[in-house]
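Report on the following structure.
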Amino acid sequence: MIELDEKLRAVRDDCRDAVEDMRSRALSIDADPDDMESHFNSPVYTMIRLSNTPPEYRESVPGGFRLMRAKSVLEDIVGMVELARGDMSTMFACPCPALAGVYVSLLGNPAQQEKFYTRLHGGRTWTFFAMSEPGAGSDATNMTTRLEKDGNGGYLMYGAKRYIGHGARGGIGLVFGRTGRSALSIRAAMVEVPASGFTAQRLNTVGLRGAYLSELQFDGVPVAADMLLGEHLPVTRRGIWGAVKTLNNMRIQISASAVGTAMAITEYVAEHRKNAPGVDLALARAEAGKQLIFQAAARLDADPERGYFASASKLSAVRMAQQTAQWAIASIGPAGLIEHPLLEKWTRDVRAFEFMDGTSNIQRLHVARGYQSGDADG
């Protein structure tokens with residue numbers, strides 16, 4: 001069991017203070033994720049954006065403003081659980097570096113990092129991380145998006161991506177494509193929008209509407225050679241290696257999102273149906289899920305390339321969150337969902353975690369392979 005030290009408690013408390021602000025925006029964003037103007041100046045959004053921006057690329061921090069102090073995966077996950085207790089869809093709707101920022105910080109050179117983070121100044125620009133494709137999902141080995149040389153030192157991008165957060169409204173992001181046939185030819189290109197040959201549309205979703213999942217099409221999108229990330233690194237560290245480390249981090253964050261949402265659902269039912277059967281068991285399961293992801297985060301801090309525990313935590317957390325949603329519906333009743341629209345929204349949102357960064361069947365494969373290779377040891 002991981003006990004929170006003073007630093008971890010500070011991160012937790014910073015994010016816990018954001019819960020009510022996020023919940024106050026949740027139903028509005030769910031109803032119309034295009035209408036974000038009234039949310040841009042949220043102090044919580046400013047905190048999230050600036051906290052996830054390297055200090056050298058930040059705008060000036062408002063006087064007296066408090067940033068999250070997360071400096072490790074564990075610290076980040078402790079905060080993420082609390083933000084998810086507020087509302088995960090509201091969190092996803094925040095214009096911030098997000099997953100693309102993790103990859104840019106890992107593989108981008110200083111010029112690329114400055115370009116990326118400067119574009120986010122003002123808090124009105126979303127980012128996107130485009131890897132999943134129609135028919136292939138996140139299986140990079142079957143990726144068909146390609147980068148063809150344009151004859152002038154750059155590239156032209158052709159292909160499609162699907163289920164990309166903020167893809168239809170992002171201003172800057174990363175798109176993965178092949179410059180050749182081998183796995184080592186897969187690269188991440190930084191793309192600014194609008195761009196010639198780039199089209200996108202939002203997909204209709206039942207839950208997590210703040211994530212603005214989208215489908216992208218590339219028909220000769222120009223990509224300058226200096227917009228391919230990792231050129232300064234060895235060839236084995238340019239594309240898939242960075243993606244694996246980034247997605248291991250993302251998997252833990254999705255686990256935290258599921259656990260935090262399950263905690264929010266359970267606490268809400270306990271407040272409004274004080275005698276609901278099974279509430280103590282639901283709270284205990286959520287607490288156990290939280291401890292599992294804390295341990296997985298600590299192991300990822302020790303070795304960012306070991307994905308076994310990230311997959312195991314997502315598999316467990318998503319199942320627990322879905323079971324919690326089913327328990328809540330049974331406890332409060334169908335009519336109760338009408339009376340409590342925030343709870344109804346959470347029971348929809350929780351279903352989406354299953355499909356983010358690999359379904360449970362995919363995670364079972366990761367867990368089995370990790371166990372067979374000894375990744376589960378230690």
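Taking residues in region 346-371 that are closer than 18 Å to G165 by Cβ, and partners anywhere that are hydroxyl-bearing (S, T, Y) and part of a helix (DSSP H, G or I), the pairs with Cβ atoms closer than 8 Å and at least 6 places apart or on different chains are D349/S89; D349/T261; V350/T261; V350/T324; F353/S257; F353/T261; E354/S360; G358/S311. E56: open to solvent by 80 Å² or more (accessible area, probe 1.4 Å) and at pLDDT 95 or above, yes or no? In short, no.
For G135, all conditions in the list (1) on the phi > 0 side of the Ramachandran plot; (2) in contact with a Gly (Cβ under 6 Å, 6 or more places away or on another chain) hold save one; what is the number of the exception? Every condition holds for G135 apart from (2). Of the residues making up region 351-378, those that are in a helix (DSSP H, G or I), among the hydrophobic types (A, V, I, L, M, F, W, C) and more than 26 Å from F92 (Cα to Cα) are L365, V367, A368.
Sort out for me the helices (runs of 4 or more DSSP H) sitting completely within region 241-350 that have 1 or more residues that are open to solvent by 30 Å² or more (accessible area, probe 1.4 Å) and within 20 Å of L208 (Cα to Cα). Per the criteria, 308-332, 334-339.
A search for C-beta distances below 8 Å between a residue of region 13-30 that is more than 19 Å from G79 (Cβ to Cβ) and any residue that is in a helix (DSSP H, G or I) and open to solvent by 40 Å² or more (accessible area, probe 1.4 Å), counting only pairs 6+ apart in sequence or on different chains, returns L27/P341; S28/S38; I29/R209; D30/R209. The sole residue among R348, R364, R319, R369 that is within 22 Å of L281 (Cβ to Cβ) and basic (K, R) is R319.
Evaluation of S72 against the conditions (1) open to solvent by less than 50 Å² (accessible area, probe 1.4 Å); (2) touching a Gly at 6+ places or on another chain (Cβ under 6 Å) shows that the sole unmet condition is (2). Which of the residues that make up region 190-240 are part of a loop (DSSP other than H, G, I, E, B) and basic (K, R)? If the condition is that a residue be part of a loop (DSSP other than H, G, I, E, B) and basic (K, R), then R238 is the only one that fits. Hey, could you check region 104-161 for residues that are among the β-branched types (V, I, T) and in contact with a Pro (Cβ under 8 Å, 6 or more places away or on another chain) and say which is nearest to S214 (Cα to Cα)? Only one residue fits best here, namely T127.
For the condition open to solvent by 20 Å² or more (accessible area, probe 1.4 Å), within 24 Å of R49 (Cβ to Cβ) and within 13 Å of the chain's Cα centre (by Cα), M80 does not qualify. Here is the figure for region 1-24: residues that are open to solvent by 100 Å² or more (accessible area, probe 1.4 Å) and hydrophobic (A, V, I, L, M, F, W, C) total 1.
The values are calculated or read from the model by the stated rules, or taken from the named source; none is laboratory data. In this text, all values refer to a predicted model and were calculated from it rather than measured experimentally. Cβ: placed from backbone, ideal geometry, glycine included. Neighbour counts: every protein chain shown. Protein only, heavy atoms only, side chains kept; ligands, DNA and RNA dropped before computing areas. Shrake-Rupley method; radii C 1.70, N 1.55, O 1.52, S 1.80 Å.
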